[in-house]
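Visitor: Take a look at the following structure, please.
The values are calculated or read from the model by the stated rules, or taken from the named source; none is laboratory data. Everything numeric in this text was worked out from a predicted model, so none of it was measured. Cβ placement follows ideal geometry from the backbone for every residue including glycine, while neighbour counts extend to all protein chains displayed. The accessibility values were calculated without ligands, DNA or RNA, using every heavy atom of the protein model including side chains. Shrake-Rupley method; radii C 1.70, N 1.55, O 1.52, S 1.80 Å.
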Amino acid sequence: MAAAPAAAGSGAGRGRRSAATVAAWGGWGGRPRPSNILLQLRQGQLTGRGLVRAVQFTETFLTERDKQSKWSGIPQLLLKLHATSHLHSDFAECQNILKEISPLLSMEAMAFVTEERKLTQETTYPNTYIFDLFGGVDLLVEILMRPTISIRGQKLKISDEMSKDCLSILYNTCVCTEGVTKRLAEKNDFVIFLFTLMTSKKTFLQTATLIEDILGVKKEMIRLDEVPNLSSLVSNFDQQQLANFCRILAVTISEMDTGNDDKHTLLAKNAQQKKSLSLGPSAAEINQAALLSIPGFVERLCKLATRKVSESTGTASFLQELEEWYTWLDNALVLDALMRVANEESEHNQASIVFPPPGASEENGLPHTSARTQLPQSMKIMHEIMYKLEVLYVLCVLLMGRQRNQVHRMIAEFKLIPGLNNLFDKLIWRKHSASALVLHGHNQNCDCSPQPQFLSFTSSNPFCFRNKYLLLNNQELNELSAISLKANIPEVEAVLNTDRSLVCDGKRGLLTRLLQVMKKEPAESSFRFWQARAVESFLRGTTSYADQMFLLKRGLLEHILYCIVDSECKSRDVLQSYFDLLGELMKFNVDAFKRFNKYINTDAKFQVFLKQINSSLVDSNMLVRCVTLSLDRFENQVDMKVAEVLSECRLLAYISQVPTQMSFLFRLINIIHVQTLTQENVSCLNTSLVILMLARRKERLPLYLRLLQRMEHSKKYPGFLLNNFHNLLRFWQQHYLHKDKDSTCLENSSCISFSYWKETVSILLNPDRQSPSALVSYIEEPYMDIDRDFTEE
């Protein structure tokens, strides 16, 4: 930490002025220029030279200057704070000065947080800005870190109360003054030191919130294995502290990213993966390993996520009250503080907080105190929801990390899924919580309310995919067995191997509860995307007839078609999730196609359905793929039921036409390029390959390539499409031949061996222009452009 520059003439009542002070005054005998001092302090703050702290001025000068600028006496207080916080001080006077400074800054911070910014608008230089400009932030960092200094073998100590005041002032300054949080983030030794302050309950909340803000802007991820006694620190947290600590963990165990994973190009991600392999484990992976090495860590998280909350009956007034609490307390720090104070004072039977009815006018927006605690039940429920979200997120990340197999076993053992099922109605899916809840450090556009966070957990992590039958109860598992028996097909091995003691209890499993909510969700709700993704995750992987029938019997197909056709859904994200789910639900399932044809029973309805499909193939191509695969299987079966469906189903008849397939194929290849491939749209490439693989099976691959060539010429862009497809297939080889997971997914979802995928791509990329199945045979020499470098520009 840089020491403060030497301050000539810095004491009170000194007869001489420092050169810096003289410059600020505009020369000997000059009048102080209002903006000059602040500009020089700002410059010094950026360069580390010149004016940087209040101690470089005399008290007389600061007092006189304060009369004009109305700095609320902050520079003078900082001058006294510096004088009373030296190494040999007893810090008693220092703490009194902090008590004077704190309210000057907390008022601004409360106004800033609650968006009542009259104060900051009326004051040219707000208190927090002046506090930072005159070196207050650096001084508090030095005071907080005094315990790291040893004098004659003994470390200095400061009281928890004093540390708490310093932390609160620092946090308020970070909230109101731009750049302070980033400067603190650059002090790595200070950030690590902050973790040690969480050992005390009195300073835990302030420390945790400050750390969270700092880590949110820190360029390099902190390593938890550098935190002294991490295992002991975390093990000694009570459940509420652990829940708050999860807000910090959310930052430290997630890979640092600049955007949505789906939006990153596969080129960039592949390059990053190669770089990561050469560099070894990332900081996030190291942090995950550090946490999993703490005894009982995952078990405690599971208990936190599933802990029940006592709740009165859900009357209309209760639900309205909870909604208003969300609006009034939209900052997690405020809520945590109120909960902590109420709990502490309840324990000691002292004066405690009484909360006004939501919406009531309170001075400064703060609750009053009274003789007994009157913490509304609705606020307790809200607090419970907020910390459960943080815990679920941490579990979600761990389930996708390097130690995921270990975490899978542990959360199954600790019955996380049955616990979430028991909380579903009370905490996870409340309509009253759909709009207002925003976690600390998040904004209104975040998917951080209970519903999407829960649905993300069930759809995006491998746990519910690999152990999906834990989403059912015993009765529902028996139903799956009965479906297989009736269809005279082998029972799914995973169903037979499911440990019945770990599945959901009660009348309905988690999946069934989700389906019920999905049907009741308003047509315009954004939650429909997450709901469909979560249900689709149950069907994802190797196709299971029993799983499909389980959902079909509950009217899922009709509900999806209603949303696509009758409500004419406009949301692209929701449509994509519906098409993906519909594809998995119908794939290879004759009964599903019969149900489809029964619902889409008029040409008008069918045209609306086709319009939705054709409006965006990026969104609907998975359905096109599933129907194409199903058609191929049905055509090779000798069965009256299948023959009936083939003759009656509009959708199968439409897909069976070669012009339809060629139209899809042309558009699928045309809307993607190597440089724009992402995890979201790479499915278009794989769907185009499915169409050509099935054509190859029927010895029609040359025909399809010749038709593509004709379509190119008709569009007056000879070679453009086929050159692009050639480059895409070259990338496909680089991407998939080195990633077992992706290749397994392709094989399982298509029921086509991966070797056939590879063979087909190799045939298409054959450089022999005499081969009737090679792309180069259909690209005229003047238009040949097949050797482009994939390096991103």
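Visitor: Show me the helices (runs of 4 or more DSSP H) entirely contained within the stretch 170-289 in which 3 or more residues are in contact with a Phe, Trp or Tyr (Cβ under 6 Å, 6 or more places away or on another chain) and open to solvent by less than 40 Å² (accessible area, probe 1.4 Å).
Guide: On the way: elements: 180-185, 188-196, 201-217, 230-235, 239-252, 266-279.
Because the criterion is at least 3 residues that are in contact with a Phe, Trp or Tyr (Cβ under 6 Å, 6 or more places away or on another chain) and open to solvent by less than 40 Å² (accessible area, probe 1.4 Å), the helices (runs of 4 or more DSSP H) in the stretch 170-289 that meet it are 239-252.
Visitor: Of all residues in the stretch 290-300, how many are at positive phi and either assigned to a helix (DSSP H, G or I) or surrounded by 18 or more Cβ atoms within 10 Å (Cβ to Cβ) (or both)? Show your work before the answer.
Guide: Going residue by residue through the stretch 290-300, those that are at positive phi are 296.
Filter once more, so that each one left must be either assigned to a helix (DSSP H, G or I) or surrounded by 18 or more Cβ atoms within 10 Å (Cβ to Cβ) (or both): none.
Residues that pass the stated criteria total 0.
Visitor: Can you find a residue that is hydrophobic (A, V, I, L, M, F, W, C), more than 12 Å from G136 (Cβ to Cβ), touching a helix residue (DSSP H, G or I) at 6+ places or on another chain (Cβ under 8 Å) and modelled with pLDDT under 80 anywhere in the stretch 64-84?
Guide: So far as the stretch 64-84 goes, no, none of its residues is hydrophobic (A, V, I, L, M, F, W, C), more than 12 Å from G136 (Cβ to Cβ), touching a helix residue (DSSP H, G or I) at 6+ places or on another chain (Cβ under 8 Å) and modelled with pLDDT under 80.
Visitor: Regarding the stretch 740-752, can at least one residue be identified that is touching a helix residue (DSSP H, G or I) at 6+ places or on another chain (Cβ under 6 Å), farther than 30 Å from Q548 by Cβ and assigned to a helix (DSSP H, G or I)?
Guide: So far as the stretch 740-752 goes, no, none of its residues is touching a helix residue (DSSP H, G or I) at 6+ places or on another chain (Cβ under 6 Å), farther than 30 Å from Q548 by Cβ and assigned to a helix (DSSP H, G or I).
Visitor: Turning to a different aspect of this structure: Could you run through the stretch 555-585 and say how many residues are touching a residue at least 40 places away in the same chain (Cβ under 8 Å) and more than 31 Å from the chain's Cα centre (by Cα)?
Guide: Within the stretch 555-585, the subset touching a residue at least 40 places away in the same chain (Cβ under 8 Å) is 556-559, 561, 563-565, 567-569, 571-585.
The next check asks that each one be more than 31 Å from the chain's Cα centre (by Cα); those that pass are 558, 565.
Within the stretch 555-585, residues that are touching a residue at least 40 places away in the same chain (Cβ under 8 Å) and more than 31 Å from the chain's Cα centre (by Cα) number 2.
Visitor: Could you check the stretch 496-553 and list, in sequence order, the residues that are of a type in the set (S, T, Y) and either over 24 Å from the mean Cα position of the chain (by Cα) or at pLDDT 85 or above (or both)?
Guide: Step one: of the stretch 496-553, the residues of a type in the set (S, T, Y) are 498, 501, 512, 525-526, 537, 542-545.
T498, S501, T512, S537, T542, T543, S544, Y545 - these are the residues of the stretch 496-553 that are of a type in the set (S, T, Y) and either over 24 Å from the mean Cα position of the chain (by Cα) or at pLDDT 85 or above (or both).
Visitor: Does the stretch 701-722 contain any residue that is closer than 30 Å to R595 by Cα and more than 42 Å from the chain's Cα centre (by Cα)? Full working, then the answer.
Guide: Taking the stretch 701-722 first, the residues closer than 30 Å to R595 by Cα are none.
No, every residue in the stretch 701-722 fails to be closer than 30 Å to R595 by Cα and more than 42 Å from the chain's Cα centre (by Cα).
Visitor: I would also like to ask the following. Which numbered condition trips up M693, out of (1) open to solvent by 40 Å² or more (accessible area, probe 1.4 Å); (2) in contact with a Phe, Trp or Tyr (Cβ under 7 Å, 6 or more places away or on another chain)?
Guide: (1)
Visitor: Still on this model: So which residues in the stretch 733-786 are among the aliphatic types (A, V, I, L, M) and open to solvent by 70 Å² or more (accessible area, probe 1.4 Å)? It would help to see each step written out before you state the result.
Guide: Applying the first criterion (among the aliphatic types (A, V, I, L, M)) to the stretch 733-786 yields 737, 746, 752, 761, 763-765, 774-776, 779, 784, 786.
Selection gives L737 alone.
Visitor: Just one of T177, T199 is among the polar types (S, T, N, Q) and either over 20 Å from E226 (Cα atoms) or modelled with pLDDT under 85 (or both); which is it? Quick ask: steps written out before the conclusion?
Guide: On the way: T199 fails: either over 20 Å from E226 (Cα atoms) or modelled with pLDDT under 85 (or both).
Checking each option against the conditions leaves just T177.
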